[in-house]
Amino acid sequence: MKTFVHCATALFALAFATAPYADVPVPGSGASSRIDAIKKAGVLRVGVLANAPWLVENTSGTGEAWSGPAWTLAQEYAKRLGVKLEAVAVSHETKVPVLASNQVDISVTPLAETPERLKVVDFIIYSNTSVCMFGLASNPKFAQAKSVDDLNRPDITVAYYTGGGEEGWVKERFPKAQLRGVAGSGTAPVEEVMAKRADAVPINRVPWVAMGRKLTTLAVLPKDNNCQNSTEKAAPVGMAVDKNQPAFVAWARAVEKELEGKLKTDEARVVDTMK
């Protein structure tokens, strides 16, 4: 019997990996112990911790408590499984451990996929995070740059927060540029550009949209789609499930593929409303 279940699980995983993404069936009884347990309980438990634009918490007291592409995908999972969706609050410290302790079925708080996390969880990837470079539109050196590659020159000064997430990347990406590390924290050291002490500064693609809207004197690279398609310092973003659940993971990934366009539209909508 155990051999049969293992074979069935492997077949389901293979089917979802190779079948067209349309009307993906829920694995039948015995194919996934996780899905069987969720159906028996009548509840899909998901770990939640706000991280816009992927998962947004509504604290107004009215309307849906959660929104964003991560929540849209979680709702779809619950709908197809025929169960209720239950949000379980997690913290930065517990958002991964809650999976191994079986406190949630999926951690839907947005997580960047890293080698360390891949050792203990599997990911359902639906987005990514990346970096943009901004500078003054009136600065000839920045304005003449057609791509991020064009900023890697001795006459360009790139500023960044020392100890920040972009420091190591900046040093590798712009070895020919003049680098200016500054103390501080926040979205990006925009003051360095405004005071003309730097020609370019890195910023995550998501907060760039709101900054660019507020500070219209700034320009961004890559230019395409307001830098939202940037592949600079890119990292996959998704939700996580505990290891050794091949049929469940294969099904969840196949459903995400079906909803890919809707999830991207939902993310763009949230980004556009961010302030």
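The values are calculated or read from the model by the stated rules, or taken from the named source; none is laboratory data. Just so we're clear, the structure is a prediction, and the values are computed from it rather than from any experiment. We place every Cβ from the backbone using ideal geometry, glycine too, and count neighbours over all the protein chains shown. For the accessible areas, the whole protein counts, side chains as well, though only heavy atoms, and no ligand, DNA or RNA atoms are used. Shrake-Rupley method; radii C 1.70, N 1.55, O 1.52, S 1.80 Å.
Scan region 67-83 residue by residue and report those that are open to solvent by 30 Å² or more (accessible area, probe 1.4 Å) and either free of Cβ contacts under 8 Å to residues at least 40 places away in the same chain or outside any loop (DSSP other than H, G, I, E, B) (or both).
Going through region 67-83, the residues open to solvent by 30 Å² or more (accessible area, probe 1.4 Å) turn out to be 67, 75-76, 79-80, 82.
Result: Ser67, Gln75, Glu76, Lys79, Arg80.
Can you tell me which condition Met194 does not meet? The list is (1) of a type in the set (A, V, I, L, M, F, W, C); (2) within 16 Å of Ala235 (Cα to Cα); (3) in contact with a strand residue (DSSP E or B) (Cβ under 9 Å, 6 or more places away or on another chain), and all the others hold.
(2)
Taking Asp149 as the residue in question, decide whether it is in a loop (DSSP other than H, G, I, E, B) and over 30 Å from Asn102 (Cα atoms).
no
Determine whether Met133 is of a type outside the set (Gly, Ala, Ser), within 30 Å of Gly47 (Cβ to Cβ) and in a strand (DSSP E or B).
The answer is no for Met133.
What are the residue pairs meeting all of these: first residue in region 30-42, first residue surrounded by 14 or more Cβ atoms within 10 Å (Cβ to Cβ), second residue acidic (Asp, Glu) and in a loop (DSSP other than H, G, I, E, B), Cβ atoms under 7 Å, and 6 or more apart or on different chains?
If the second residue must be acidic (Asp, Glu) and in a loop (DSSP other than H, G, I, E, B), the pairs left are Arg34/Asp105; Ile38/Asp105.
Give me the pairs, please: first residue somewhere in region 229-249 and without any contact (Cβ under 8 Å) to a residue 40 or more places away in the chain, second residue anywhere and of a type outside the set (D, E, K, R), beta-carbon distance under 9 Å, and either six or more positions apart or on two chains.
Asn229/Ser130; Asn229/Pro222
What about Thr59, is it at pLDDT below 95 and out of contact with any Ser or Thr (no Cβ under 8 Å at 6 or more places or on another chain)?
Answer is yes for this residue.
One line per residue, one yes/no per condition, for (1) open to solvent by 20 Å² or more (accessible area, probe 1.4 Å); (2) at pLDDT 50 or above:
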{"position": "Ala17", "(1), (2)": "yes, no"}
{"position": "Tyr21", "(1), (2)": "yes, no"}
{"position": "Pro27", "(1), (2)": "no, yes"}
{"position": "Ala50", "(1), (2)": "yes, yes"}
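Quick test for you: out of Glu93, Glu86, pick the one residue that is open to solvent by 70 Å² or more (accessible area, probe 1.4 Å) and assigned to a loop (DSSP other than H, G, I, E, B).
Values: Glu86 fails: assigned to a loop (DSSP other than H, G, I, E, B).
Criteria check complete, one pass: Glu93.
Name the single residue that is least open to solvent (accessible area, probe 1.4 Å) among those in region 164-218 being among the basic types (Lys, Arg) and part of a loop (DSSP other than H, G, I, E, B).
Looking at the filtered set, the residue picked out is Arg197.
Take the residues of region 219-247 that are under 23 Å from Gly164 (Cβ atoms) and part of a strand (DSSP E or B): which is most open to solvent (accessible area, probe 1.4 Å)?
It comes out as Pro236.
With respect to Thr216, determine if the residue is touching a strand residue (DSSP E or B) at 6+ places or on another chain (Cβ under 7 Å) and within 22 Å of Asp272 (Cα to Cα). Break it down into steps so the answer makes sense when it comes.
On the way: touching a strand residue (DSSP E or B) at 6+ places or on another chain (Cβ under 7 Å): no; within 22 Å of Asp272 (Cα to Cα): yes.
In short, no.
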